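See structure below.
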Amino acid sequence: MRILFLGDVMGRAGRAAVAARLPGLRADWALDFVVVNGENATS
């Protein structure tokens, strides 16, 4: 099982970066599960 953990996603720029890159990362690395620390995603 392949799991990706992403650290602090902060603000609009962080959300946009994750949204843009995550589909490619999931496909390239054949990820089964992704965990994102998004507690600061609205700031």
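Rule-based calculations on the coordinates, nothing more; no lab input. Since we're looking at a predicted model, the values are computed, not measured. No Cβ is skipped: glycine too gets one built from the backbone with ideal geometry, and neighbour counts run over all protein chains shown.
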Requested in this report: Please give the peptides 6-16, 28-38 ranked by average Cβ packing (other Cβ atoms within 10 Å per residue), highest first, as a rough proxy for protection.
Outcome: 6-16, 28-38
Query raised in the report: For helix 11-29, what angle does its Cα long axis make with the longest principal axis of the chain, in degrees from 0 to 90 and rounded to 10?
Result: 0 degrees
Query raised in the report: Within a Cβ distance under 14 Å of Asp28, other residues only, what is the Lys/Arg minus Asp/Glu net charge?
Result: +2
